[in-house]
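What follows is a set of notes on a single structure, which appears directly below.
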């Protein structure tokens, strides 16, 4: 793990390194991590999840470290308006606690949660290829906007 820069805990589509690369244009190497006292749910009519606070629950995902502010700007632009980026403590597989940025669904959008768990393997099997294409298009459009 890098000691400089910012950290991001990804629990949904961004936990898949090829998705993160398609969105940011950077090849990053995450490590396994867990966010305690949160639960991950599918969002109705979407292929990506959201998390909400839930005492005693935990969410597994990937921790990306050493991110620059420009990378977080890209991710902020990529994430849907239903999310708020905040800082939470996550624990790595090596039992190291790290403060990381995480996208949490805003309370006014909780009604969009399906109540069903979201599984990364289901996403990979059913939606990854199309999702990667939309992520690549997002990055092209994002770069056009910032260069304009």
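Among the residues of region 106-133, those that are surrounded by 11 or more Cβ atoms within 10 Å (Cβ to Cβ) and free of Cβ contacts under 8 Å to residues at least 24 places away in the same chain comprise 119, 122, 133.
All conditions in (1) closer than 16 Å to residue 13 by Cβ; (2) surrounded by fewer than 16 Cβ atoms within 10 Å (Cβ to Cβ); (3) in contact (Cβ under 8 Å) with a residue 60 or more places away in the chain; (4) touching a strand residue (DSSP E or B) at 6+ places or on another chain (Cβ under 8 Å) hold for residue 85, with the sole exception of (3). Is there a residue being assigned to a strand (DSSP E or B) and more than 20 Å from residue 139 (Cα to Cα) anywhere in region 74-85? Yes - at least one qualifying residue is present in region 74-85.
Under the condition of being in contact with a helix residue (DSSP H, G or I) (Cβ under 6 Å, 6 or more places away or on another chain) and either in a strand (DSSP E or B) or more than 17 Å from residue 98 (Cβ to Cβ) (or both), the residues counted in region 17-64 number 13. Of the residues in region 106-123, how many are touching a strand residue (DSSP E or B) at 6+ places or on another chain (Cβ under 8 Å) and assigned to a loop (DSSP other than H, G, I, E, B)? Of the residues in that region, 6 qualify. Of everything in region 59-79 that's over 24 Å from residue 127 (Cβ atoms) and surrounded by fewer than 14 Cβ atoms within 10 Å (Cβ to Cβ), which residue is nearest to the chain's Cα centre (by Cα)? Ranking the candidates gives 73 first.
Considering (1) touching a helix residue (DSSP H, G or I) at 6+ places or on another chain (Cβ under 9 Å); (2) surrounded by fewer than 16 Cβ atoms within 10 Å (Cβ to Cβ); (3) at pLDDT 95 or above, the lone condition that residue 146 does not fulfil carries the number (3). Considering only residues in region 88-105 that are surrounded by fewer than 12 Cβ atoms within 10 Å (Cβ to Cβ) and not in a strand (DSSP E or B), the one that is modelled with the highest pLDDT turns out to be 95.
The values are calculated or read from the model by the stated rules, or taken from the named source; none is laboratory data. All of these numbers come straight from a predicted model, not from anything done at the bench. So basically every Cβ, Gly included, is an ideal-geometry build from the backbone, and we count neighbours across all protein chains shown.
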